[in-house]
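Structure, as structure tokens:
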Amino acid sequence: MHKLTVLSSAPMIEGLMGRLEEASIDAFSTTEHSAVELYSGGGPSVSVWIKSVQDLERASEVLREVQAQQKRLRCSHCQYDLRGHTGRSTCPECGYDLTAQSPDLECPECGEAVPAGFELCWNCGEDMPDPRHRDA
């Protein structure tokens with residue numbers, strides 16, 4: 001077994017595990033609880049392990065691809081990283097109403113309502129069209 005990475009973002013973990021499975025790379029994940037997470041109330045981290053050393057290089061490539069797809073979503077008020085946040089309420093950093101002045105768009109892939117400022121669908125990760133370039 002070889003540790004590939006440690007992640008705490010659920011969408012990132014799900015995306016990586018799915019892509020590793022698609023690439024026929026035998027992988028599994030384990031949950032880790034650090035003292036900081038336990039005392040701060042933060043969520044656990046997840047370690048992703050690759051069973052065969054021969055798959056480690058390909059798994060690293062898959063990890064880089066998944067990370068590249070996870071574009072940074074930012075709060076328009078404070079620039080807080082909203083990756084993995086649904087955008088249905090307020091920014092967890094500054095409290096800015098993420099739905100204010102931001103009508104929802106429909107994701108072209110899954111049909112989910114996505115705030116206009118998001119570059120990716122929070123639900124499936126699909127690139128969202130730039131609202132300035134939509135047909136009227």
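The values are calculated or read from the model by the stated rules, or taken from the named source; none is laboratory data. All figures in this text were calculated on a predicted structure; none of them were measured in a lab. Cβ placement follows ideal geometry from the backbone for every residue including glycine, while neighbour counts extend to all protein chains displayed.
Is at least one residue of the range 10-20 in a strand (DSSP E or B) and modelled with pLDDT under 80?
No, because not a single residue in the range 10-20 is in a strand (DSSP E or B) and modelled with pLDDT under 80.
Could you list, in sequence order, the residues of the range 39-59 that are modelled with pLDDT of 80 or more, of a type outside the set (Val, Ile, Thr), over 20 Å from the mean Cα position of the chain (by Cα) and in a helix (DSSP H, G or I)?
Gln54, Asp55, Leu56, Glu57, Arg58
Quick one: which residue in Val66, Val36, Val62 is modelled with pLDDT under 95, loosely packed, with under 12 Cβ neighbours inside 10 Å and either of a type in the set (Val, Ile, Thr) or not in a helix (DSSP H, G or I) (or both)?
Every option except Val36 fails the conditions.
Please identify the pairs in which a residue from the range 100-116 that is at positive phi and not assigned by TED's automatic domain parsing to the domain that holds Glu126 has its Cβ atom under 9 Å from the Cβ atom of a residue that is outside any strand (DSSP E or B) and at pLDDT 80 or above, counting only partners at least 6 apart or on another chain.
Qualifying pairs under 9 Å: none.
Let me confirm something: among Pro103, Pro115, Pro108, which residue is at pLDDT below 70 and farther than 16 Å from Met12 by Cα?
Testing whether each residue is at pLDDT below 70 and farther than 16 Å from Met12 by Cα leaves just Pro103.
Could you list all residues from the range 78-95 that are at pLDDT 70 or above and either loosely packed, with under 15 Cβ neighbours inside 10 Å or outside any loop (DSSP other than H, G, I, E, B) (or both)?
Selection gives Cys78, Gln79, Asp81, Ser89, Thr90, Pro92, Glu93, Cys94, Gly95.
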